[in-house]
Amino acid sequence: MVRFSVIVPMFNLGEYLQPMLDTLANQTENFELWLISDGSTDSTFARAEQFVRGIANWHALDIAHGGISVARNVGLKHATGEIIAFVDGDDRLAPDFVQTLQTGFSQSDIVATAVGYRWWGVNQHHLPGWVYFDQQQMFGQVTQHGSAIGGYVWNKAFRREAISNLRFDESLHIAEDYWFTANFVANNPGRYAFEPNVRYVKVTRPNSTIHTADRRQEAQVFDQIHALAKHLDNRDDHDRDD
C-alpha cells in the first residue's frame with residue numbers, strides 16, 4: 001500500500017489544467033495520483049492521460065458526468081493510500097504540499113492534517129509552526145466561513161481508516177466539502193494538525209460551480225451542520241457525566 005494518495009476531480013478545465021498539473025509534477029514527495037475526469041467534453045481527459053503516462057501509481061479515469069462529489073467518490077474507491085488528499089483541478093500547490101501534509105501524521109493520534117491556503121489574494125492567518133486541535137476545536141474551525149483552516153477538503157489530508165465508510169453526498173452541488181469535513185471531524189475524536197504557512201492557492205474561475213450553483217443548497221447544508229454540532233455537544237456532555 002502506498003503512503004499518500006491525491007484525488008483530483010476535473011471537468012472541462014481548459015487552460016486552467018496545465019498549471020495545476022505542473023504543481024503536481026513538482027512535488028518533493030512521492031504519492032499515488034488519481035485524476036478523475038467527470039465526463040469532460042474538452043481536452044481535459046486527453047491531457048490527463050498524457051500527464052500520467054509511464055508514471056507508476058499515477059492514473060487518469062474518465063467517468064460519466066455526475067458532479068464533483070461523484071468524481072471524488074470514484075477516486076476514494078480506487079485510491080490505496082493510507083492518507084487521502086483531495087485537490088481541485090484548477091488550483092496551485094506549493095512544492096512541499098504533499099510532504100507537509102504527510103509530515104503532520106508523524107504522531108499516531110493525528111487523524112487529519114491541514115495547511116494554510118490563499119483565496120481571493122490574501123492569507124490573513126499567521127501562526128508559527130504546527131498547531132494542534134482537539135475534536136471540538138477542529139469542528140469549530142471547519143464549520144465556519146473564513147477560519148484559518150476552513151471546511152474545504154482541498155487544503156487537508158485525512159487518515160484513510162478514519163474516513164471509513166464516509167463518502168461525499170452526491171446530491172449536493174455546493175458545500176459538499178463542508179458536509180464531508182464536518183462529518184469526518186464529528187466522527188473522529190483524535191487530534192488534528194495544522195501548518196499555517198500557505199501551501200495551497202485557490203483559483204477562482206468565472207464559470208466554476210461556486211459561481212453557478214444554487215446558494216440555497218449551501219444554506220441547507222449549514223442547517224444540517226448546526227444540527228450535527230448540537231449532537232456533538234450533547235455527546236460530549238454525556239461523556240463528561242459518565
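Please indicate, with yes or no, whether at least one residue in segment 167-177 is among the small types (Gly, Ala, Ser), at pLDDT 95 or above and under 23 Å from ILE68 (Cα atoms). No, segment 167-177 contains no residue that is among the small types (Gly, Ala, Ser), at pLDDT 95 or above and under 23 Å from ILE68 (Cα atoms).
Report, by residue number, each residue of segment 129-147 that is in a loop (DSSP other than H, G, I, E, B) and open to solvent by less than 70 Å² (accessible area, probe 1.4 Å).
Step one: of segment 129-147, the residues in a loop (DSSP other than H, G, I, E, B) are 129-130, 134, 143-147.
Listed by number, the residues that qualify are GLY129, THR143, GLY146, SER147.
Every test in (1) at positive phi; (2) open to solvent by less than 20 Å² (accessible area, probe 1.4 Å); (3) modelled with pLDDT of 95 or more is passed by GLY150 save one, and that test is (3).
The values are calculated or read from the model by the stated rules, or taken from the named source; none is laboratory data. It should be emphasised that the depicted structure is a prediction, and the values quoted were computed from it without experimental measurement. Calculation scope for accessible area: heavy atoms of the full protein, side chains included, ligands and nucleic acids excluded. Shrake-Rupley method; radii C 1.70, N 1.55, O 1.52, S 1.80 Å.
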